[in-house]
Amino acid sequence: MHEIPWFEYDEDDLDVAQRAFVDVLAERAASWLVDPLDTVVLPSTNTSNGQLIVYLDIDDPQRNQGVLTVGAHFDGSVARGGELHNQDFTIRQTASELAFEAPGSPTELANRAAEWFEAVLARPLVRYEWHHEGRMYAVRYEYADTGRGLSEGFEAPLAPDALRKRLAADGVIRGRGWINRAGLGQPDVIAHVRGVCPDQ
């Protein structure tokens, strides 16, 4: 086992190419500013195609809330990365802005994957909150540099009555789809979660 507590893997489970990939990635990961709630787990080799999967759960430590799972699949000669489904770790095809794919040696691909993880960790992640009568009724996580939403939540019973009725009439409170944050007005709280904000 490697000694970084949040970077877990067992070398006995790896073949030669996977071990070379993981060793370089682990060395690079030692310098990452990762909150203890964020996790990198290596490997998940029991996939249907036998690929090594390295992934990072990005959380909001202030709210103990999972925000995003990103990772890379490595097959020995190609690495593919992107936003991952947080249960089966497949790459989400819809999240192209986070995607990468590259061929090369295990060492080259580990360095490429490390650069990609580092770029994802540096992205400015913010949390917007809307409050009513001292309680949060809506929250949205997004990248401040692009406005791309990552996750959100809306507690209809806690929202102001007029807003709840307006959103219901617009058909956005159905348990699916994104709430248009412009329809919520200005957030009551804007919190920096991680990364470097564009105005800094």
message: If I ask for residues that are among the acidic types (D, E) and either open to solvent by less than 40 Å² (accessible area, probe 1.4 Å) or at pLDDT 90 or above (or both), which ones from segment 146-180 would you list?
response: D161
query: Only one of (1) surrounded by fewer than 15 Cβ atoms within 10 Å (Cβ to Cβ); (2) at pLDDT below 85 fails for V41. Which number is that?
result: (1)
- line: Within segment 108-124, residues being open to solvent by 40 Å² or more (accessible area, probe 1.4 Å), free of Cβ contacts under 8 Å to residues at least 60 places away in the same chain and touching a Phe, Trp or Tyr at 6+ places or on another chain (Cβ under 8 Å) number 1
message: Just to be sure I understand, how many residues within segment 93-107 are over 25 Å from A17 (Cα atoms) and either open to solvent by 80 Å² or more (accessible area, probe 1.4 Å) or over 18 Å from the mean Cα position of the chain (by Cα) (or both)?
response: 4
message: Being modelled with pLDDT of 65 or more and not in a strand (DSSP E or B) is the filter here; which residues of segment 44-73 pass it?
response: N49, G50, Q51, P61, Q62, R63, N64
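The values are calculated or read from the model by the stated rules, or taken from the named source; none is laboratory data. Not measured: the values here are computed from a predicted model. Here the Cβ is made from the backbone with ideal geometry for all residues, glycine too, and neighbour counts use every protein chain on show. Side chains are part of the model used for accessible areas, which takes the heavy atoms of the whole protein and leaves out ligands, DNA and RNA. Shrake-Rupley method; radii C 1.70, N 1.55, O 1.52, S 1.80 Å.
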